[in-house]
């Protein structure tokens, strides 16, 4: 990278990140940074911070988000290339490094930059700006990449770059810019003369940066809406993609680590002599909250660690259990909520959701090399800048002295977000003890399952009232485990709706898990509306549909999912369909699950139909993949997954006791997108929340048994 | 102790413990990082390689059990510069998301097709028990069927 002048940096706009931080409906994205020109731009062909065009006519687009399999790099590049009128085969994508110049927060405005291009002036949200400023700047989370960075950043960058290329061509040819057009990485004049972008790049870099480049109307898109192959895939089928766990550097050592089993516990003592003399062992490193063995191979480090018997304190939480946590939830929530006395019928229900782990396929891994007040870090995170700060903080050094290289992520799902960089924190502390040797700390699967930032457990009590005709009068809930306006929102026209949060603290470490609080509340609210429908003696689809008169997008998605599934048509005995609809991250997802519940109670999910309104879609094929993946991820959780606590510790250890579905259990998934042209919504997360309630509702339809507690594997689905 | 194994056609004599899993010898000693660590207990299949042509989970396979045998990893599945038909089908169907599990999945599928050139869905279910946390199963099944027809056609 070239040096960025402060002037150029301050001139840059920025784009929002940190959607997970707020995670509420109505979150507005701030303008995108679309500029601009580095000090030596004329020499390097660097047109904008995000787009490079080189003399060989290749366009390289720098994307400030992490690829964790969601296709963001490709989709974002498509959005820029569309406005640029680049020839897609000539486009390359590069993930931006962890440098301040790539910060995707509101850093420029925070720095006092006055320059906000007119086209970007919409959508500024001061609250979001403050949050982004506080949290760091390069987050991939909250399903923000396409709708934030893409919509407000990449498109503008592409459009601005094109205007500069056209201006350069017009100046060279002595014609008006209005006589020039761009197409497939060339600029054409009406005279028929043309030049490749690559030929014009050095001239274009000297052109004035447009402050309000014109964006294309949707009807003129030629790249968006197509499904070019994802750029990251070829390297993922031949084993050549490098993840953090694959990094190596000369002289590198390996560390295996045992962390205090009760979060917050401290290392009391460890006899290191069993590790002495074991082959390859370099050192036993005692940390405040962990013990690590450093060796010349990971397996040797792990074998030596297994020979030790460290003792840890329990931080005073040695009595905490799943039962004690739910008992506290029960007390906090108390009696079911009140409903109007005039009700002809009252329906009440209680739902429970367990703690969940992320269980990314690549366990947490971080390599670090510490030398004096400087450090180098190689890891995989959803926010490189914040991870760099975490490393600096752990070492007590300036963040500017930490160089961080980010790798492809072997899964994220929220595990690699800001404030959950314990694996970076631990790794740099181990490396400091071995300074100046680089040390790769690999978490075992057991470390990963037992030291996650979990999806929170929750309990919710509901009461609903129906009038004599079966119309709902009220739907009230009281819940623990956290919530927000988006998570508890119900789109239905019910005269009285209320959701009250009750606090019940516990010491289990929590984080953001794919779809965040929507994952619990989706199950609660969409199970309950189903129970209300059955209480009213009405079809669950028709019951919902009748309450969506003022919510056309919800109604359309619900109707689409029902139609796709053949809702209402006869099914064999023991099979059933369930429906649910949730909005999260600006996207409305309706799902119908078709399930079989045979006499032995072994649930088989046959087919899931998803109707998704995320406004518009960029790459239909990778968008579909996100829907499919979200559904399978949610299905594992709904059917199988739970983290339980005993003596303050996580009970589960590995994939045997924290199972997930396999190919044999995976349903057929049929996806449809409704192109409402609403503002772009996210896609990584929104298909998770409706799955569990649609499944529970389907099981009820198939068996008459209502599942109110997840995971479903614990439910008795055979009739006594 | 010296152990001799053949990896992707090349014979290596390694001074490693006989109980060290093949996974770590591949990754750390031979630098073949396409084979992944996922669980260490043969539960997820991210570490799948071929041992004398049969898919095995290398995270629990001791080096001693591979001595004198042929190990094939994702890097050696197809001749350099070419792709195995399973890899081709994986690209055509855009299967991978994060990609971390896919080396193991592709090795498992290639092994499955070597044993069952035209597998039934039940054989596919039994032959591919890997964990994919991104949930790419929907595409995996389609890609397997495509790879089968490719194999039948050629």
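The values are calculated or read from the model by the stated rules, or taken from the named source; none is laboratory data. These figures come from a predicted structure and were not determined experimentally. Counting neighbours? That spans all protein chains shown, and the Cβs are built from the backbone with ideal geometry, glycine included.
Inside the stretch B:79-119, can you point out the residues that are in a loop (DSSP other than H, G, I, E, B) and within 18 Å of residue A:362 (Cβ to Cβ)? Reasoning before the result, please.
Going residue by residue through the stretch B:79-119, those that are in a loop (DSSP other than H, G, I, E, B) are B:79-84, B:93-101, B:116-119.
B:95, B:96, B:97, B:98, B:99, B:100, B:101, listed by residue number.
Filter the stretch B:125-138 for residues that are part of a helix (DSSP H, G or I) and facing chain A (nearest Cβ under 7 Å); which is surrounded by the fewest Cβ atoms within 10 Å (Cβ to Cβ)? Break it down stepwise before answering.
First, pick out the residues of the stretch B:125-138 that are part of a helix (DSSP H, G or I): B:125-127, B:137-138.
Imposing the further condition that a residue be facing chain A (nearest Cβ under 7 Å) reduces the set to B:125, B:137-138.
Working: B:125: 16, B:137: 25, B:138: 25.
Ranking the candidates gives B:125 first.
Counting just the residues of the stretch A:395-409 that are touching a helix residue (DSSP H, G or I) at 6+ places or on another chain (Cβ under 6 Å) and assigned to a strand (DSSP E or B), which one comes out modelled with the lowest pLDDT?
Of everything passing the filter in the stretch A:395-409, A:406 is modelled with the lowest pLDDT.
Residues being surrounded by 16 or more Cβ atoms within 10 Å (Cβ to Cβ) and assigned to a loop (DSSP other than H, G, I, E, B): count how many of those fall in the stretch B:43-68.
Summing the residues that are surrounded by 16 or more Cβ atoms within 10 Å (Cβ to Cβ) and assigned to a loop (DSSP other than H, G, I, E, B) in the stretch B:43-68 gives 9.
Could you say which residue among A:431, A:392, A:387, A:368 is under 28 Å from residue B:39 (Cβ atoms), in contact with a strand residue (DSSP E or B) (Cβ under 7 Å, 6 or more places away or on another chain), part of a helix (DSSP H, G or I) and at pLDDT 95 or above?
Testing whether each residue is under 28 Å from residue B:39 (Cβ atoms), in contact with a strand residue (DSSP E or B) (Cβ under 7 Å, 6 or more places away or on another chain), part of a helix (DSSP H, G or I) and at pLDDT 95 or above leaves just A:431.
Just give me the residues in the stretch A:654-687 being surrounded by 20 or more Cβ atoms within 10 Å (Cβ to Cβ), within 16 Å of residue A:623 (Cα to Cα) and out of contact with any strand residue (DSSP E or B) (no Cβ under 8 Å at 6 or more places or on another chain), in sequence order.
Hits for the stretch A:654-687 are A:680, A:684.
Residues that are more than 14 Å from the chain's Cα centre (by Cα) and either more than 9 Å from every other protein chain (Cβ to nearest Cβ) or in a helix (DSSP H, G or I) (or both): does the stretch B:34-42 have at least one? Write out each step before concluding.
Initial filter on the stretch B:34-42 (more than 14 Å from the chain's Cα centre (by Cα)): B:39-41.
Next, from what is left, pick out any that are either more than 9 Å from every other protein chain (Cβ to nearest Cβ) or in a helix (DSSP H, G or I) (or both): none.
No, because not a single residue in the stretch B:34-42 is more than 14 Å from the chain's Cα centre (by Cα) and either more than 9 Å from every other protein chain (Cβ to nearest Cβ) or in a helix (DSSP H, G or I) (or both).
Every residue in the stretch A:628-653 that is more than 14 Å from every other protein chain (Cβ to nearest Cβ) and not in a loop (DSSP other than H, G, I, E, B), please. Talk me through it step by step, then tell me what you get.
Kept after step one, since they are more than 14 Å from every other protein chain (Cβ to nearest Cβ), are these residues of the stretch A:628-653: A:642-651.
Once the filter is applied, which keeps residues that are more than 14 Å from every other protein chain (Cβ to nearest Cβ) and not in a loop (DSSP other than H, G, I, E, B), the stretch A:628-653 yields A:643, A:645, A:646, A:649, A:650.
Going by the conditions given, is residue B:151 at pLDDT below 95 and within 15 Å of the chain's Cα centre (by Cα)?
Spelling it out, it is not the case that residue B:151 is at pLDDT below 95 and within 15 Å of the chain's Cα centre (by Cα).
Hey, among the residues in the stretch A:654-677 that are away from every other protein chain (no Cβ under 14 Å) and over 21 Å from the mean Cα position of the chain (by Cα), which one's nearest to residue A:562 (Cα to Cα)?
Residues of the stretch A:654-677 away from every other protein chain (no Cβ under 14 Å): A:672-677.
This time we only want the ones that are over 21 Å from the mean Cα position of the chain (by Cα), so: A:672, A:674-677.
Working: A:672: 11, A:674: 14, A:675: 17, A:676: 18, A:677: 22 Å.
Within the stretch A:654-677, the match that is nearest to residue A:562 (Cα to Cα) is A:672.
Taking the stretch A:565-611 only, how many residues are under 22 Å from residue B:137 (Cβ atoms) and surrounded by fewer than 19 Cβ atoms within 10 Å (Cβ to Cβ)?
Residues in the stretch A:565-611 being under 22 Å from residue B:137 (Cβ atoms) and surrounded by fewer than 19 Cβ atoms within 10 Å (Cβ to Cβ): 6 in total.
Test residue A:625 against the criterion of being at the interface with chain B (Cβ under 7 Å from one of its Cβ atoms), surrounded by fewer than 21 Cβ atoms within 10 Å (Cβ to Cβ) and either over 29 Å from residue A:315 (Cβ atoms) or out of contact with any helix residue (DSSP H, G or I) (no Cβ under 7 Å at 6 or more places or on another chain) (or both), and give yes or no.
Values: at the interface with chain B (Cβ under 7 Å from one of its Cβ atoms): yes; surrounded by fewer than 21 Cβ atoms within 10 Å (Cβ to Cβ): no; either over 29 Å from residue A:315 (Cβ atoms) or out of contact with any helix residue (DSSP H, G or I) (no Cβ under 7 Å at 6 or more places or on another chain) (or both): yes.
Taking the combined requirement at face value, the residue does not satisfy it.
Given the criterion touching a residue at least 60 places away in the same chain (Cβ under 8 Å) and away from every other protein chain (no Cβ under 11 Å), identify the matching residue among B:45, B:53.
Sole residue among the options that is touching a residue at least 60 places away in the same chain (Cβ under 8 Å) and away from every other protein chain (no Cβ under 11 Å): B:53.
Looking only at the stretch A:671-694, how many residues end up being over 14 Å from residue A:353 (Cα atoms) and part of a helix (DSSP H, G or I)?
The number of residues fulfilling the criteria is 1.
Does residue B:80 fit the bill of being within 12 Å of chain A (Cβ to nearest Cβ) and modelled with pLDDT of 95 or more? It would help to see each step written out before you state the result.
Numbers: within 12 Å of chain A (Cβ to nearest Cβ): yes; modelled with pLDDT of 95 or more: no.
Spelling it out, it is not the case that residue B:80 is within 12 Å of chain A (Cβ to nearest Cβ) and modelled with pLDDT of 95 or more.
If you go through the stretch A:410-425 one residue at a time, do you hit one that is at pLDDT 90 or above, outside any loop (DSSP other than H, G, I, E, B), touching a helix residue (DSSP H, G or I) at 6+ places or on another chain (Cβ under 6 Å) and closer than 29 Å to residue A:633 by Cα?
Scanning the stretch A:410-425 turns up at least one residue that is at pLDDT 90 or above, outside any loop (DSSP other than H, G, I, E, B), touching a helix residue (DSSP H, G or I) at 6+ places or on another chain (Cβ under 6 Å) and closer than 29 Å to residue A:633 by Cα.
What about residue A:242, is it buried (at least 22 other Cβ atoms within 10 Å of the Cβ) and within 35 Å of the chain's Cα centre (by Cα)?
The answer is no for residue A:242.
Which one is nearest to residue A:296 (Cα to Cα), of the residues in the stretch B:4-19 that are assigned to a strand (DSSP E or B) and within 12 Å of another protein chain (Cβ to nearest Cβ)?
Initially, the stretch B:4-19 is screened for residues assigned to a strand (DSSP E or B), giving B:4-7, B:10-15.
Add one more test, that the residue is within 12 Å of another protein chain (Cβ to nearest Cβ), and what stays is B:14-15.
Values: B:14: 15, B:15: 13 Å.
Among those that are assigned to a strand (DSSP E or B) and within 12 Å of another protein chain (Cβ to nearest Cβ), it is B:15.
Can you pull out the residues in the stretch A:333-350 that are within 23 Å of residue A:505 (Cα to Cα) and in a loop (DSSP other than H, G, I, E, B)?
Across the stretch A:333-350, the qualifying residues are A:334, A:335, A:336, A:337.
Checking residue B:88 against (1) more than 11 Å from the chain's Cα centre (by Cα); (2) more than 9 Å from chain A (Cβ to nearest Cβ); (3) touching a residue at least 60 places away in the same chain (Cβ under 8 Å), only one condition comes out false. Which one?
If we test residue B:88 against (1) more than 11 Å from the chain's Cα centre (by Cα); (2) more than 9 Å from chain A (Cβ to nearest Cβ); (3) touching a residue at least 60 places away in the same chain (Cβ under 8 Å), just (2) comes out false.
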